[in-house]
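Undergrad: Questions regarding the structure given below will be posed in turn.
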Amino acid sequence: MTKSCSTEIKFSNGQKIPVELHKVRMVQKLHLKPVEERLAAMEKGGYNTFQLNTKDIFLDMLTDSGTNAMSDNQISSMLRADDAYAGSQSFYRMEEAVREVFGKHWVLPVHQGRAAENIISQAFIKKGDVIPMNYHFTTTKAHMELNGGEVLEIFTDEALKIKSDVPFKGNIDIKKLEGVVEKYGKDNVAFIRMEASTNLIGGQPFSIQNMREVRKVADKYGIMFVLDASLIGENAYFIKKREEEFKNAEISEILLLMCSFADVVYFSSRKVSSTRGGGICTNSEELFMKMRDLVVLFEGFVTYGGMSVREIEAMAVGLYETTDETVISQSPSFIEYAVTELDKLGVPVVTPAGALGCHVDAMDFLPHVPQSEYPAGALAAALFIISGIRGMERGTISSVRDAEGNDVLADVELLRLAFPRRVFTLSQTMYVVDRVNWLYKNRELVGGLVFTDEPAVLRFFNGRLKPTSDWPTKLVAKFKADFGDSL
Ligand SMILES: *Cc1c(COP(=O)(O)O)cnc(C)c1O
């Protein structure tokens, strides 16, 4: 491969602008519908952006999961897929890619990231165990609790600060980690989990230095170390950009080094390699054997794991592409642009810019909406209505009620605007900045939400809500007054 560069290009005026280092060869038409139709769609969707139909959406920034643009090489690889229930060559090509990119020999395929979490939780968590980690992810926590485990978040004091210039807010607090082992005893710690580009706190990375220290604790007590590598490419890019020691390192070297600290690495290939699927890998045959038969039970035979062979082929190519700086810098450089512009305008966003998306701080944006009325959910609904941009609530709606049925207020209330790789252009990004800024100037018009239909498990997916007043109508009226017939 020729040496690749970051998509962040310096302009002659000194500004850093993200430039699309790819050309568009197939397009999908988008629809920017009138504001009244967007309001009707939001009402129909129960004020939950998960319940919208993409025919009503202009820019779909819900997630990067399964929505990254595939490369020409990925699409063409799908044509040579080898259809076979067992022993497919497609699987062996993917296995080879995992060995080369992550440096782990034993590979298990699964249908997506949470399936890996199911297998790992069943294999290694016993009732009453604790699992310390930098921060939880929704599906991770649900699977661990289902298996009788308790998630302990041992992030640093900086992690939840919205405005910060600390480069690695995803680090584990080593003192707290030692404290957990001392308190619960090493036999009751199922494993230590580290999540690359910590999803729920704004896509914030951890450093190699922190991984080294976590490994030391794991070795000292003989505890297993599991890496959630779903967003590993971006975390590796931030290590190169922000950790002095690695400024001249190749991304491929950083990826191998990151994985070398962990006993087990798992990933959602919906994120890491722009295709469906996922995987678990390790260099320990013993650990592999503890998981293998669960894959057969829950996923499918060990050479397809619930994926189609076409997806497996594209995943293999996508894993190699994760070592390409041009590919993995694409989303972070656009996020950085959006975060920098919004920050300049005074809109509260999580800094430093991280992976995955631009994260707007809904508590600061809507100080008049109490947390019990879900400010991040309300902000997501309001932004969709005034712009056709679909974001995702990452706050109290994304958590679950306690045993007494009380809402557990989230640490942070974020509206996440995801930047799937190579999907949006700079002018679309400018539209996002403009509409978020307009909403900020009219923020007093946005009110809260209340549940009308609330599922017991992962309620943010299928729950339905309604506004606490007729605020959406007033918001639409102001939008029309300002924009006239322009959409
Ligand atoms: C998305 C994600 C998962 C779950 O993966 P799915 O493929 O959506 O099941 C797990 N961990 C992290 C950090 C993720 O971002």
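No lab work stands behind these numbers, since they all come straight from the coordinates. Only a predicted model underlies this, so the values are computations on that prediction, with no experimental measurement involved. Note: ideal-geometry Cβ built from the backbone for every residue, glycine included; neighbour counts use all protein chains shown.
Undergrad: If the limit is 25 Å between Cα atoms, which of LYS3/LYS240; LYS220/LYS247; LYS10/LYS247 go over it? Each step should come with its number before you reach the end.
TA: Details: LYS3/LYS240 15 Å; LYS220/LYS247 30 Å; LYS10/LYS247 17 Å.
Over 25 Å Cα-Cα: LYS220/LYS247.
Undergrad: Here's another thing I want to ask about it. List, in the order given, every pair from LYS183/LYS216; LYS16/LYS271; LYS104/LYS290; LYS169/LYS241 whose Cα-Cα distance in the structure shown is over 20 Å. The partial results should precede the final answer.
TA: Numbers: LYS183/LYS216 18 Å; LYS16/LYS271 26 Å; LYS104/LYS290 16 Å; LYS169/LYS241 15 Å.
Table pairs above 20 Å Cα-Cα are LYS16/LYS271.
Undergrad: Quickly rank 173-182, 330-339, 19-28, 4-13 as a protection proxy: mean count of other C-beta atoms within 10 Å, highest first. It would help to have the intermediate numbers written out before the result.
TA: On the way: 173-182: 16.2, 330-339: 25.6, 19-28: 10.2, 4-13: 12.9.
Order by mean packing, descending: 330-339, 173-182, 4-13, 19-28.
Undergrad: May I pose another question? Can you check what the Kirkwood hydrodynamic radius comes to for the range 340-471, Cα pairs only, in Å to one decimal? Show your work: numbers first, answer last.
TA: Working: mean 1/r = 0.0657 Å⁻¹.
The Cα-based Kirkwood calculation yields 15.2 Å.
Undergrad: For an R0 of 41 angstrom, estimate the FRET efficiency from the Cβ-Cβ distance between GLU100 and LYS183 and round to the nearest 0.05.
TA: Values: r = 40 Å, r/R0 = 0.98.
That pair, GLU100 with LYS183, gives E of 0.55.
Undergrad: Report ³J(HN,Hα) in whole Hz for each residue of the range 165-177, in order, from the Karplus equation J = 6.51 cos²θ - 1.76 cosθ + 1.60 where θ = phi - 60°; Gly and Pro get x.
TA: 10, 6, x, 10, 6, x, 5, 8, 7, 5, 4, 5, 4
Undergrad: Right, something else. Ranking request for peptides 65-73, 443-451, 311-319: highest mean number of other beta-carbon atoms within 10 Å first, then the rest in descending order.
TA: Numbers: 65-73: 16.6, 443-451: 18.8, 311-319: 27.3.
Listed from highest to lowest mean packing, they are 311-319, 443-451, 65-73.
Undergrad: Measure nothing fancy, just the Cα-based angle from helix 309-321's long axis to the longest principal axis of the chain, in degrees from 0 to 90, nearest 10.
TA: Roughly 90 degrees, rounded to the nearest 10.
Undergrad: Neighbour counts of other C-beta atoms within 10 Å: give me LYS33, LYS240 arranged from fewest to most.
TA: LYS33, LYS240
Undergrad: Would you kindly calculate the mean projected area, averaged across all directions, of the convex hull enclosing the Cα atoms of the range 274-339, in square nanometres? Please list the in-between numbers first.
TA: Details: hull surface 24.8 nm².
Convex hull of Cα atoms, orientation-averaged projection: 6.2 nm².
Undergrad: What number comes out for the charge environment of VAL408, summing +1 per Lys or Arg and -1 per Asp or Glu over other residues with Cβ under 11 Å away? Display every interim value, and only then the final one.
TA: Values: positive: ARG401; negative: ASP402, GLU404, ASP407, ASP411.
Neighbour charge sum, excluding VAL408 itself: -3.
Undergrad: Also, I was wondering about something else. Which three extents, in angstrom, do the Cα atoms of the range 72-323 have along their principal axes, listed largest first?
TA: For the range 72-323, the Cα extents along the three principal axes come out at 50, 43, 29 Å.
Undergrad: Okay, moving on. On alpha-carbon atoms, Rg over Rh for the chain using Kirkwood Rh? Numbers along the way, then the final one.
TA: Working: Rg = 22.0 Å, Rh = 23.0 Å.
For the chain, the value is 0.96.
Undergrad: Now a separate question. Give me the dipole magnitude in Debye, nearest 20, for the chain about the Cα centre, with unit charges on the beta carbon: positive for Lys and Arg, negative for Asp and Glu. Don't skip to the end; give the middle numbers.
TA: Working: 56 positive and 65 negative charges, 153 e Å.
With Lys and Arg at +1 and Asp and Glu at -1, about 740 debye.
Undergrad: Could you sort the peptides 478-486, 401-409, 136-144, 37-45 by per-residue average Cβ neighbour count (10 Å cutoff), highest mean leading? Let's see the in-between values first.
TA: Numbers: 478-486: 12.0, 401-409: 9.4, 136-144: 21.2, 37-45: 17.6.
Put in order of decreasing packing, that is 136-144, 37-45, 478-486, 401-409.
Undergrad: Still on this structure, please answer the following. For LYS33, which aspartates and glutamates qualify as cross-link partners when the Cα separation must be under 20 Å and same-chain residues fewer than eight apart are set aside?
TA: Once the sequence-local aspartates and glutamates are set aside, what remains near LYS33 is GLU43, ASP56, ASP60, ASP434, ASP482, ASP485.
Undergrad: For the range 345-357, in order, what is each residue's ³J(HN,Hα) by Karplus, 6.51 cos²θ - 1.76 cosθ + 1.60 with θ = phi - 60°, in whole Hz (x at glycine and Pro)?
TA: Coupling constants for the range 345-357: 7, x, 6, x, 10, 5, 10, x, 4, x, 9, 6, x Hz.
Undergrad: Once Rh is set to the Kirkwood radius over Cα pairs, what Stokes-Einstein translational diffusion coefficient, in µm²/s, holds for the range 1-133 at a temperature of 4 °C and a viscosity of 1.567 mPa s?
TA: Working: Rh = 20.5 Å.
Rounded to a whole number, D works out at 63 µm²/s.
Undergrad: Quick one: Kirkwood hydrodynamic radius for the range 344-418, alpha-carbon pairs, angstrom, one decimal? Walk me through the numbers on the way to the answer.
TA: Details: mean 1/r = 0.0783 Å⁻¹.
Mean inverse Cα-Cα distance, inverted, gives 12.8 Å.
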